[in-house]
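Below you'll find the structure, written out as structure tokens, and then a few comments.
The values are calculated or read from the model by the stated rules, or taken from the named source; none is laboratory data. This one's a predicted model, so the numbers in the text were calculated from it and none came from an experiment. We place every Cβ from the backbone using ideal geometry, glycine too, and count neighbours over all the protein chains shown. All accessible areas refer to the heavy atoms of the entire protein, side chains included, with ligands and DNA or RNA removed. Shrake-Rupley method; radii C 1.70, N 1.55, O 1.52, S 1.80 Å.
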There are 2 protein chains.
Amino acid sequence: MAVDRDHVLRSAAALLTRKSTATMDEVAKAAGISRATLHRQFAGRDALVRALEALGIAECEAALEAARPGEGPATDAVRRLVAEVEPHAGLLAFLYSENQLFEGEEQNEGWTRIDEAVAGLFRRGQASGEFRIDLTPAWLTEALYGLLASAAWAVAEGRVAPKDFTHMIVELLLGGVRRQGDPARRKDS
Amino acid sequence: MAVDRDHVLRSAAALLTRKSTATMDEVAKAAGISRATLHRQFAGRDALVRALEALGIAECEAALEAARPGEGPATDAVRRLVAEVEPHAGLLAFLYSENQLFEGEEQNEGWTRIDEAVAGLFRRGQASGEFRIDLTPAWLTEALYGLLASAAWAVAEGRVAPKDFTHMIVELLLGGVRRQGDPARRKDS
DNA sequence: CTTGAATGAGACATCAATGTCTCACATGGG
DNA sequence: CCCATGTGAGACATTGATGTCTCATTCAAG
């Protein structure tokens, strides 16, 4: 009969996105299975989180690939990337905050690869003159994650409209990254 | 002898900023007192977090007042605000993620006041023509929090230099909020 | 129908954090 | 000096989540 592992994972993701402290019991109920079965699939909360992390990484890499970060203007690539990531923002936000808890442990290398790909996109934009160069790619990457998580939470709590998700993030991020067109308006107090 | 309550609070804030799951025992040790004494000061972990929340709110309100959000260009007010908030970004980041856990409970009204003050600043900037109007003040407020938390974590993990903190946030945020000076460069792909 | 594998329900032990309590110590004021 | 208050150390029970196990049931294949 083999419980639908993917279904369990997605249910868990949906639940933990809303309540990151949910019990294994709650996770099981959310997936419509018993705690025993859940435990047969994932040997513990830790294993479950690891599996969710792997899922998040896979979805991020898929989104990254679908966004074709190397094609066309970096500006458009960023737009595509955010649009591709949007459906998984909830899970990503959960994993993002979860990562803050893993104090000493080294993070999954998958994230490292993703970090580098995203940073590379920003670096490409800087090299092409589309993006300003006074903000480091590392910070821009970090900021993108922060904005994604913020937006996911804000949507979850009803503070902003879901349909604006991509637009809000892209416009705020790009507006900050895109080189200003009017040098005369620079900061002069 | 009266244990220095403020010292305990700041030690706890510093510790929880790094390890948000720290035990009451660890919090006590970090403050250089025993768990018993810690418990005499704060009737439990919950009470401690509430006290930290109150501290964070107080510091936020102080920063908000010091930034004089109603004076001069909104752009400069935002700069002042971020600069004032910077020293407390760690604590704020902790409280920010902590708030994601409080599912049903209503949030402290202090945050509501602060939210409104910040949103009001963005609204003022929009009214004066300094800020673009296609991003809602609520989202901009949320985004500011997200960037503050991201920056605090990135600094804590050594991914970005502490000295760049204010500059990174302000430049990214303002660049996105400030009206583009060159309309011809709008998104036309 | 029979059989075997997977599941659901629940009992049980474990473990970590917490809340509570007692008691000895020391420190400062009278 | 004596006392009172605050503190440190530690024992103890409680609680909530978890890991483990058993057993009855169900469902599909043969």
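Residues in the stretch B:5-19: is at least one touching a residue at least 60 places away in the same chain (Cβ under 8 Å), on the phi < 0 side of the Ramachandran plot, outside the structural domain of B:Pro162 (by TED's automatic domain parsing) and of a type in the set (Lys, Arg)? Scanning the stretch B:5-19, I find at least one residue that is touching a residue at least 60 places away in the same chain (Cβ under 8 Å), on the phi < 0 side of the Ramachandran plot, outside the structural domain of B:Pro162 (by TED's automatic domain parsing) and of a type in the set (Lys, Arg), so the answer is yes. Note on the stretch A:108-147: residues that are among the β-branched types (Val, Ile, Thr) and part of a loop (DSSP other than H, G, I, E, B) amount to 2.
Looking at A:Ala63, A:Ala47, can you tell me which residue is more than 15 Å from DNA strand C (Cβ to nearest atom) and over 14 Å from the mean Cα position of the chain (by Cα)?
On the way: A:Ala63 fails: over 14 Å from the mean Cα position of the chain (by Cα).
Testing whether each residue is more than 15 Å from DNA strand C (Cβ to nearest atom) and over 14 Å from the mean Cα position of the chain (by Cα) leaves just A:Ala47.
For every residue, the table says whether it meets (1) on the phi < 0 side of the Ramachandran plot; (2) modelled with pLDDT under 90; (3) assigned to a helix (DSSP H, G or I); (4) more than 7 Å from chain B (Cβ to nearest Cβ).
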| residue | (1), (2), (3), (4) |
| --- | --- |
| A:Ala154 | yes, no, yes, no |
| A:Val160 | yes, no, no, no |
| A:Lys163 | yes, no, yes, yes |
| A:Thr166 | yes, no, yes, yes |
| A:Val170 | yes, no, yes, yes |
| A:Leu173 | yes, no, yes, no |
| A:Gln180 | yes, yes, no, no |
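A single member of A:Ala127, A:Ala138, A:Ala151, A:Ala156 is closer than 30 Å to B:Glu106 by Cβ and open to solvent by 40 Å² or more (accessible area, probe 1.4 Å), and it is A:Ala156. When B:Tyr96 is tested against the conditions (1) at pLDDT below 95; (2) within 16 Å of DNA strand C (Cβ to nearest atom); (3) touching a helix residue (DSSP H, G or I) at 6+ places or on another chain (Cβ under 7 Å), the lone failure is (2). Can you name the residue in the stretch B:14-71 that is within 16 Å of DNA strand D (Cβ to nearest atom), away from chain A (no Cβ under 14 Å) and of a type in the set (Val, Ile, Thr) and, of all such residues, is nearest to A:Ser20 (Cα to Cα)? Within the stretch B:14-71, the match that is nearest to A:Ser20 (Cα to Cα) is B:Val27. Evaluating A:Ala13 against the criteria (1) away from DNA strand C (no atom under 13 Å from the Cβ); (2) outside any helix (DSSP H, G or I); (3) in contact with a helix residue (DSSP H, G or I) (Cβ under 7 Å, 6 or more places away or on another chain) leaves one unmet condition, (2). Number of residues in the stretch B:1-30 that are under 17 Å from B:Gly90 (Cα atoms) and of a type in the set (A, V, I, L, M): the value is 10. Residues in the stretch B:31-40 that are open to solvent by 50 Å² or more (accessible area, probe 1.4 Å) and either touching a residue at least 60 places away in the same chain (Cβ under 8 Å) or within 12 Å of B:His7 (Cα to Cα) (or both): B:Gly32 only. Restricting the search to the stretch B:18-32, which residues are closer than 25 Å to B:Ser150 by Cβ and of a type in the set (Lys, Arg)? The answer is B:Arg18, B:Lys19. With respect to the conditions (1) at pLDDT below 95; (2) surrounded by 13 or more Cβ atoms within 10 Å (Cβ to Cβ); (3) within 14 Å of DNA strand C (Cβ to nearest atom); (4) within 23 Å of A:Phe102 (Cα to Cα), A:Asp4 lacks only one, and its number is (4).
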